[in-house]
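Engineer: After the structure tokens below, expect a handful of questions from me.
The values are calculated or read from the model by the stated rules, or taken from the named source; none is laboratory data. These numbers were taken from a predicted model, which means no experiment stands behind them. Because the Cβ atoms are built from the backbone with ideal geometry, glycine has one as well, and the counts that use them run over all protein chains shown. Just so you know, the surface numbers come from the protein's heavy atoms only, side chains and all, with ligands and any DNA or RNA stripped out. Shrake-Rupley method; radii C 1.70, N 1.55, O 1.52, S 1.80 Å.
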Amino acid sequence: MKFKKPLKALILSAAALLAAPSYSASNHGYAIDYIQGEGDVKGLKLAYQYHVPNEKLPLQHARLYFESSFNIWQYGKDNKHQTNIVLAMSPVIQYPVFNVKNMPVYVEFGIGVSLLDDTRFAGKNVSTHYQFEDRLGLVADLGDNSTLALRYLHYSNAGFKSPNPGLDFISLSYARRF
């Protein structure tokens, strides 16, 4: 149970961020994700985001941010489980696709890099500690400097070393700018 203390610290930090008062949006923000993976993998992700000012982007309605995250994944039952710590960095592009009751919805795409603590996780051997983090998602802009997102995440080493089964996740994310 060596990861109980880091998991508690992550949960308490996330709760403090969610309870923080809202100020006018800056370029800096945070996100907290609940992650569900194949084979009963569950996890939490706490991320820092830097949002590039829109006037610096070549596409008029696009948004771009860079995300650095700390992830804790867990697989198995309470008495017999595996835990994996993951650090990741990704550039992410968002583009508006439609509105729902005047709320803009964006599609997002990103490819980044990650560092896994353990290469054997959830019954898979992913071969390398270094993995690519691919994401595809839908993001609802809630209007108060915050967003809600549903994402598909895929981690793999892009075939640099075999085996390369990859790890797949669905995440539900809440993000807010400082």
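Engineer: Starting from the range 154-173, take each residue that is free of Cβ contacts under 8 Å to residues at least 40 places away in the same chain and of a type in the set (S, T, Y) and list its partners that are open to solvent by 50 Å² or more (accessible area, probe 1.4 Å) and assigned to a loop (DSSP other than H, G, I, E, B), counting only C-beta distances under 9 angstrom and pairs at least six apart or across chains.
Structural biologist: Sorted first by the residue in the range 154-173, then by its partner, the pairs are S156/N164; S156/P165.
Engineer: May I ask you to list the residues in the range 159-171 that are under 19 Å from the mean Cα position of the chain (by Cα) and either over 14 Å from L136 (Cβ atoms) or not in a strand (DSSP E or B) (or both)?
Structural biologist: Across the range 159-171, the qualifying residues are G166, L167.
Engineer: I would also like to ask the following. Sort out which residues of the range 123-150 are more than 17 Å from Y95 (Cα to Cα) and in a strand (DSSP E or B), and write them in order of number.
Structural biologist: Listed by number, the residues that qualify are K124, N125, Y130, Q131, F132, E133.
Engineer: Same structure again: Taking only the range 121-136 into account, find how many residues are crowded, with 17+ Cβ neighbours inside 10 Å and either among the β-branched types (V, I, T) or under 14 Å from F160 (Cβ atoms) (or both).
Structural biologist: Residues that pass the stated criteria total 4.
Engineer: Here's another thing I want to ask about it. Could you run through the range 90-100 and say how many residues are exposed (fewer than 15 other Cβ atoms within 10 Å of the Cβ) and either within 22 Å of the chain's Cα centre (by Cα) or within 14 Å of K42 (Cα to Cα) (or both)?
Structural biologist: Summing the residues that are exposed (fewer than 15 other Cβ atoms within 10 Å of the Cβ) and either within 22 Å of the chain's Cα centre (by Cα) or within 14 Å of K42 (Cα to Cα) (or both) in the range 90-100 gives 4.
Engineer: Answer yes or no as to whether Y174 is modelled with pLDDT of 95 or more, open to solvent by 10 Å² or more (accessible area, probe 1.4 Å), hydroxyl-bearing (S, T, Y) and in a strand (DSSP E or B).
Structural biologist: Considered against the rule, which asks whether it is modelled with pLDDT of 95 or more, open to solvent by 10 Å² or more (accessible area, probe 1.4 Å), hydroxyl-bearing (S, T, Y) and in a strand (DSSP E or B), Y174 comes out as yes.
Engineer: When you go through (1) under 18 Å from the mean Cα position of the chain (by Cα); (2) open to solvent by less than 70 Å² (accessible area, probe 1.4 Å); (3) within 20 Å of I170 (Cα to Cα) one by one for G76, which number turns out not to apply?
Structural biologist: (1)
Engineer: Tell me yes or no: at least one residue of the range 51-60 is open to solvent by less than 30 Å² (accessible area, probe 1.4 Å) and in a strand (DSSP E or B).
Structural biologist: Among the residues of the range 51-60, at least one is open to solvent by less than 30 Å² (accessible area, probe 1.4 Å) and in a strand (DSSP E or B), which makes the answer yes.
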